[in-house]
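Data block below; observations after.
The values are calculated or read from the model by the stated rules, or taken from the named source; none is laboratory data. Treat the numbers as computed from the prediction; the structure is a model and nothing was measured. Neighbour counts are summed over all protein chains in view; Cβ atoms, including those assigned to glycine, are modelled from backbone coordinates with ideal geometry. Areas reflect the complete protein model, heavy atoms only, side chains present, ligands, DNA and RNA absent. Shrake-Rupley method; radii C 1.70, N 1.55, O 1.52, S 1.80 Å.
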Amino acid sequence: MSEGLRERQHQKDGILEAALMHAAFDGWSRKTLMAAATDLGIERSDALRLFPQGGNSLLDWLDGWADRRMLDAVDIDELAAMPIRRRIATLVRARFEALQPHREAVRRAVAARSVPPSTLQGGRSLWRTVDVIWQTALPGPETDQGISYYTRRATLSGVLVSTLLYWLDDHSEGATDSWAFLDRRIEDVMRFGKFSAQFTGMLGHIPGFRPAAR
């Protein structure tokens, strides 16, 4: 990353982190963006240049910010020594822990993403996140680039969404109930993955069947 892009990312991160404090009360809006800019002494025109769609631009940046915080929080060497299900759980938990101080702002983000046209962008951001998790948990080229490539990501999307909804209303100390819920959901995914591989293997014996290309 060039120095200019690094500086732009740093500036946008700063605005987002200031916006998180306001979004908990005012939602993800242009008003929140302007309040964050004021907190940091940034010109309103500069804030709009960085986030031209106001609240929607902030939401898009929030997703990438959380992904980067997730990756910063894990040790890649330690991750590589774990079983695959622990790698996934560790990454997902690290992402939620990065968001933990901003739970109300996240709740408002979920509400904002449930309204079109923000729903579509939210789906794209979710897919990018699960792709980052799988690429980090399984670095290098994947050997199953057909049906299993997509089912892995689709099922992990379900894990993330269901865990997010559980976590938003979890009042257990240290969110321990959420982590137990996450472990159960990942166990379900791993069982489904084994079934999917067996099912795909059976389909491979059907004349003319070819898994969809990545």
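General observations
- Entry note, the chain: the mean residue ellipticity at 222 nm calculated from DSSP H runs of n ≥ 4, each adding -39500 (n - 2.57), is -25500 deg cm²/dmol after division by the residues and rounding to the nearest 500.
- Computed lengthening from D39 to H10, 0.36 nm per intervening residue step minus Cα-Cα distance: 8.9 nm
- Here the dipole of the stretch 29-94 is about 280 debye; that uses its Cα centre as origin and unit charges on the Cβ of Lys and Arg (positive) and Asp and Glu (negative).
- Hull shadow area, averaged, the stretch 1-66 [alpha-carbon convex hull, nm²]: 4.1
- Between G123, G64, G55, the GNM of the chain built on Cα springs shorter than 10 angstrom shows G123 fluctuating the most.
- Note on V110: accessible area approximately 50 square angstrom, rounded to 10, probe 1.4 Å, nucleic acids and ligands left out.
- For E97, neighbours were defined as the other residues whose beta-carbon sits under 12 Å from its Cβ, and their charges (Lys and Arg +1, Asp and Glu -1) total +3.
- Global form of the stretch 82-123, assessed from the alpha-carbon gyration tensor, a/c cut-off 1.5: oblate
- Dipole of the chain [Lys/Arg +1, Asp/Glu -1 at C-beta], most positive-end residue of A105, T129, L168: T129
- Among L126, L58, L138, the largest mean-square fluctuation in a Gaussian network model of the chain (Cα springs under 10 Å) belongs to L138.
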